[in-house]
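A.B. asks: One structure, as structure tokens, below. Some questions next.
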Amino acid sequence: MTLKGRIEREKKVDQLLGEADRRLTAAEKAVTGEESWTNCQEAVKQLLLALLVAKEENAPPEHNLNLSLLWEKCLLMDPELLLLTDCLRIFQEEPNRFENGDLLIEAANEVWDYIYGVLTEET
């Protein structure tokens, strides 16, 4: 990959991490559990996509971010992500099941911590 390509990839990863951070902040300020769930789910999608982009994998188009597809692609690349299965399962269930936003935010933060750790190890 060219230097320009690497720089563009790093910018994209930074953009995705920034969006995930904004979504997590919105989840913390959310009034309802459903609003918190939606923001956390979107943050997790952005984090998984950032991991795929950083690893130079063919990521699905951003307008078609399916959590299950992203999860499967990331697992193939990094089997240690299996440790986060319970966290990811939360965001594949119906949002009305979660009235407690703290549980959602905690699960999303677990994903953040792992993926951010993987990404910063490589730089």
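A.B. asks: Please indicate, with yes or no, whether at least one residue in the stretch 3-24 is acidic (Asp, Glu), at pLDDT 90 or above and surrounded by 21 or more Cβ atoms within 10 Å (Cβ to Cβ).
C.D. replies: So far as the stretch 3-24 goes, no, none of its residues is acidic (Asp, Glu), at pLDDT 90 or above and surrounded by 21 or more Cβ atoms within 10 Å (Cβ to Cβ).
A.B. asks: Evaluate the stretch 96-103: report whether one residue or more is in contact with a Phe, Trp or Tyr (Cβ under 6 Å, 6 or more places away or on another chain) and either in a helix (DSSP H, G or I) or at pLDDT 90 or above (or both).
C.D. replies: No: the stretch 96-103 contains no residue that is in contact with a Phe, Trp or Tyr (Cβ under 6 Å, 6 or more places away or on another chain) and either in a helix (DSSP H, G or I) or at pLDDT 90 or above (or both).
The values are calculated or read from the model by the stated rules, or taken from the named source; none is laboratory data. All values derive from a computational prediction rather than experimental measurement. For neighbour counting, all protein chains shown are included, and Cβ atoms are generated from backbone atoms with ideal geometry for every residue, glycine included.
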